[in-house]
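Here's the structure, in structure tokens; my notes come after.
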Amino acid sequence: MASHLTRRDFLALSAAGAAGLAVSCQMPGYLKPGQKLRHAAVGVGGMGSGDLGQISSHPDVQVVALCDVDSNNLAKAAALHPAARTYRDWRVMLREEKRSIDSVCVSTPDHMHAPVTMSAMAMGKHVYCQKPLTHTVVEARRIAEFARKSGVVTQMGIQNRSGQNYLRAIEVFRSGICGPVEQAHVWTDRPAGWWPQDVVKPAGGDIPPDTLEWDLWLGVAPKREYKNDTYHAFVWRGRKDFGTGAQGDMACHLMDPALWFLGLGQPSTIRSNGPKPKADSFPLWSEVQYRFGPTELTHQDGIDLTWHDGGRKPQSLFDEYGITDPYANGSLFVGKKGALMVSPYEPCRFFPVGEAERALELPDIAGRNHWHQWVDACFNRVEATAGFDYAGLLTEVALLGNVALEFPGQTLQWNASQMNFGSNILANGFLHKDYRAGWVVPGLG
Ligand SMILES: NC(=O)c1ccc[n+]([C@@H]2O[C@H](COP(=O)([O-])OP(=O)(O)OC[C@H]3O[C@@H](n4cnc5c(N)ncnc54)[C@H](O)[C@@H]3O)[C@@H](O)[C@H]2O)c1
């Protein structure tokens, strides 16, 4: 990557890497009234087209550059933003546009989030990055540290955090409706056939379509052959080299309330009660139990937070609280007074102990535009509520679950400050990854 950056950029990035933390080479600044946020988008198909549509609908945004490895997706975005310059390689785009852009949106597959994000932040660019923030636990920590020190304005793409259902649910929760929370559960129906999991690496390969730059799509990931309908687009999610499986895909949306409402920090232990994954992909279902220390809103001894995916749910609790129609994706906060069911897609519901469901009078709170909030934060008008400081923690917690999957039945002791599982070198080996030769990104080691 260094060959695509100027010497000055590279030295700054190298210093960042050497220090573990980083100071960006160009000091970021808030935009001033009357200015436009000159914006660049990396990955403009799939969710990226939605991100671009939302960000560009803000009146203070000017779309300057677009990048995608798929020329069809790039052409569709360019047709909507004809004044924008187009690129296939984000490294070339950052080099050539470094003086013409203020911000970058990263909407690529998960394995490329951290490399693009770190490189953009090192140039002093404000960044909106899709969830999960990164592909590995170590990347999440490095990105959060860098964002904190460099002062760029950041936001992770967990738009439900700005949505009406969560904003109402946290008010209901804060009224003390459950009492101190003793346990919490989070569940998703994914992968549910949306994308393959529990699959092996395919043998052989196909010739990539002319429209796709396959080597650039691979990016930092180990080289492998292209295969039709196997990776690009969307279905890369279950493959460990590119995606983060059902938990990585959904936990940043669904575990957000648990961390946010309860004020949880880092877990102390993590344990998988599900099957061990195959080498190339995540399993069809999982159950991961986290232990967190106490907060003001939990039982004095702390709580267990359990993640369920693949359609698994905390059925015995549903039976106990008379929840006959649980949401397909949601979370449950269980305290002495009852259980609050929360979902990004549906209104929260309350199930008191020993009584039928109690109808809630939901507070009069409207949802906000998560993307516009970030743009406004770049002008210092508001604070972004999913900045990388918080998003890094949330992503770390989600991705620790994927590490635990590799060690079914073992309780892993997480030393958050040392960022390791003590002397468990096997588990420590899953906290990060090697980047492909030529693709090492300083600051992400
Ligand atoms: N916040 C949400 O609700 C939400 C919803 C869907 C997806 N996402 C996230 O958005 C990201 C993208 O998911 P998707 O479903 O759109 O995937 P996708 O594969 O459908 O689309 C990815 C886009 O990025 C392009 N791309 C791939 N590698 C690239 C690279 N190195 N440089 C430039 N462009 C590249 C692809 O050509 C494609 O246009 C994922 O991280 C996913 O988790 C978030």
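The values are calculated or read from the model by the stated rules, or taken from the named source; none is laboratory data. The structure presented is a predicted model; accordingly, all values stated were derived computationally and were not measured. Cβ atoms come from the backbone with ideal geometry, glycine included; neighbour counts cover every protein chain shown. Keep in mind that these areas ignore ligands, DNA and RNA; they rest on the heavy atoms of the full protein, side chains included. Shrake-Rupley method; radii C 1.70, N 1.55, O 1.52, S 1.80 Å.
Below, the figures for the structure above:
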{"quantity": "Cα centroid of region 279-340 to Cα centroid of region 51-118, whole Å", "calculated": "38 Å"}
{"quantity": "Ranking by accessible area, most exposed first, for D210, D198 with a 1.4 Å probe", "calculated": "D210, D198"}
{"quantity": "Region 53-132: C-alpha gyration tensor shape, a/c 1.5 cut-off, then a/b vs b/c", "calculated": "rounded"}
{"quantity": "Straight-distance crosslink candidates among lysines, where the alpha carbon sits under 17 Å from K276 and sequence neighbours closer than 8 are dropped", "calculated": "K201, K240"}
{"quantity": "Point-charge dipole on Cβ atoms (K/R +1, D/E -1) for region 294-445, about Cα centre, debye to 20", "calculated": "340 debye"}
{"quantity": "DSSP beta bridge pairing in the chain, given as percent antiparallel to the nearest 5", "calculated": "55 percent"}
{"quantity": "Nearest-10 value in Å² for the accessible area of S316, using the 1.4 Å probe", "calculated": "90 Å²"}
{"quantity": "Charge sum, other residues only, whose C-beta stays under 15 Å from F292's C-beta, Lys/Arg counted +1 and Asp/Glu -1", "calculated": "-4"}
{"quantity": "Cα centroid of region 388-445 to Cα centroid of region 125-200, whole Å", "calculated": "17 Å"}
{"quantity": "Local net charge near Q183, Cβ-Cβ under 12 Å (Lys/Arg +1, Asp/Glu -1)", "calculated": "-2"}
{"quantity": "Phi-based couplings in Hz for region 175-186 (Karplus 6.51, -1.76, 1.60; Gly and Pro marked x)", "calculated": "6, x, 4, 8, x, x, 6, 9, 7, 9, 10, 9"}
{"quantity": "With at most 13 other Cβ atoms within 10 Å, longest stretch of the chain clear of loop GluC sites (Glu not before Pro) (DSSP)", "calculated": "1-295"}
{"quantity": "Accessible-area ranking of Y345, Y321, largest first, probe 1.4 Å", "calculated": "Y345, Y321"}
{"quantity": "Net +/- balance of residues flanking S49 in space, Cβ distance below 11 Å, scoring K and R +1, D and E -1", "calculated": "-1"}
{"quantity": "Computed accessible area, K36, all protein chains, 1.4 angstrom probe, square angstrom", "calculated": "90 Å²"}
{"quantity": "Dipole magnitude (debye, nearest 20) for the chain, charges at Cβ of Lys, Arg, Asp, Glu", "calculated": "1220 debye"}
{"quantity": "Entries in K36/K76; K98/K149; K36/K433; K227/K313 that, when Cα-Cα distance is taken, lie over 28 Å", "calculated": "K36/K433; K227/K313"}
{"quantity": "Shape of region 294-408, Cα gyration tensor, a/c cut at 1.5", "calculated": "oblate"}
{"quantity": "Loop chymotrypsin sites (Phe, Trp or Tyr not before Pro), region 223-313, which have at most 15 other Cβ atoms in a 10 Å radius of their Cβ (DSSP)", "calculated": "F234"}
